[in-house]
């Protein structure tokens, strides 16, 4: 979601900075466009970092058998690493 938000901010900033030629006295649209493009790049990079970091999860299942024989414990661990072929 943050990758799309970053792209959206960049595009809106580019439109404000380069495509709109309106001069208003109370705001500088070129500066606002440049700020939005910078914010879009930062949000995009943060989104990529969060998407590409390593993820892992551990699931533990406990099931009671009999009072005398104890309990059986099963533990599964999964780990995914980013695809290195990018």
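The values are calculated or read from the model by the stated rules, or taken from the named source; none is laboratory data. All values reported here derive from a predicted model rather than from experimental measurement. All Cβ positions, glycine included, derive from the backbone under ideal geometry; neighbour counts span all protein chains shown.
Some observations on this one:
- Residue within the range 47-64 that is modelled with pLDDT of 65 or more, touching a helix residue (DSSP H, G or I) at 6+ places or on another chain (Cβ under 6 Å) and not in a strand (DSSP E or B) present: yes
- Hits in the range 6-29 (condition: exposed (fewer than 15 other Cβ atoms within 10 Å of the Cβ) and either assigned to a helix (DSSP H, G or I) or at pLDDT 95 or above (or both)): 8, 11, 15, 18, 19
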